[in-house]
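Derivation of every value follows stated rules applied to the coordinates shown; laboratory data play no part. As the structure is a prediction and not an experimental result, all values here were calculated from the model. All Cβ positions, glycine included, derive from the backbone under ideal geometry; neighbour counts span all protein chains shown.
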Ligand SMILES: Nc1ncnc2c1ncn2[C@@H]1O[C@H](COP(=O)(O)OP(=O)(O)OP(=O)(O)O)[C@@H](O)[C@H]1O
Ligand SMILES: [Mg+2]
């Protein structure tokens, strides 16, 4: 059965897209059929695979009801639904539509049987696009960037998740926190890591993602980390996250 996973955090730059790309690509390397959906008007996931951001139809036209979800094959076992800057308009355009939180769910229902995993990369907000992702998802991955204010704003995120659970998707109960950009040499990071693990008892991945320049370079080169530098720490750690995910859903 397909597992639908939303990668979210309304904080910007915490590693949502990097994680979506490299978890999606890692699961495909492990032999799973994966669909990645770019639900962010910044279209960073689309660019991360060197796909065009001006090609139509993309996820925007699909949300407007003008097309089914347009799927592009990027490599063996890995498909992507691209985004475009036009998606910025979707939040306001769809705000008056009845059932507006369930548009993605309806679109995904037509193709989900073809996949083992569908992973949705959200924008840094808790608006209508993120609600659409949560309404269709079974599971959440919440990347948290290591730093002084790592946990600031998390209450707001969980308030929204509770509302979603109550009103839109009673099945959305499970999540894992993924610690990203961790500098293991810094004592402060070690302390923050311990606090986060205590706060989210049992809900953090064992694997943590270190700060690794190869991950940044891979994004700039428009490749996943396994194609760009399979020997990097980033590749090794993201593959470990994939193995934890496979363990969760086995
Ligand atoms: N572990 C890491 N080590 C080094 N750089 C990283 C790491 N993870 C992400 N980055 C870099 O940090 C920046 C932000 O990452 P990313 O785009 O994945 O965040 P995001 O949460 O998707 O951002 P946004 O909220 O804007 O969508 C990018 O330049 C990315 O290459
Ligand atoms: Mg992003």
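Using only Cα atoms, locate the centre of region 117-178 and the centre of region 8-27, then give the distance between them in Å, rounded to an integer. If we compute the Cα centre of each part, the gap is 12 Å.
D by Stokes-Einstein for region 3-248, Kirkwood Rh over Cα pairs, 4 °C, 1.567 mPa s: 72 µm²/s.
Based on the Kirkwood radius over alpha-carbon pairs, what is the Stokes-Einstein translational diffusion coefficient of region 1-100 at 37 °C with 0.692 mPa s viscosity, in µm²/s? Write down the numbers at each step before the final one.
On the way: Rh = 14.2 Å.
Translational D for this selection: 231 µm²/s.
In terms of the mean number of neighbouring beta-carbon atoms within 10 Å, the peptides 19-26, 208-215, 242-249, 119-126 order highest first as 19-26, 119-126, 208-215, 242-249. In the chain, the DSSP-assigned H stretches of four residues or longer account for a calculated mean residue ellipticity at 222 nm of -11500 deg cm²/dmol, using -39500 (n - 2.57) per stretch and the full residue count as denominator.
Overall dimensions of region 127-224, expressed as equivalent-ellipsoid semi-axes from the Cα gyration tensor (√(5λ), whole Å, largest first), are 26, 19, 11.
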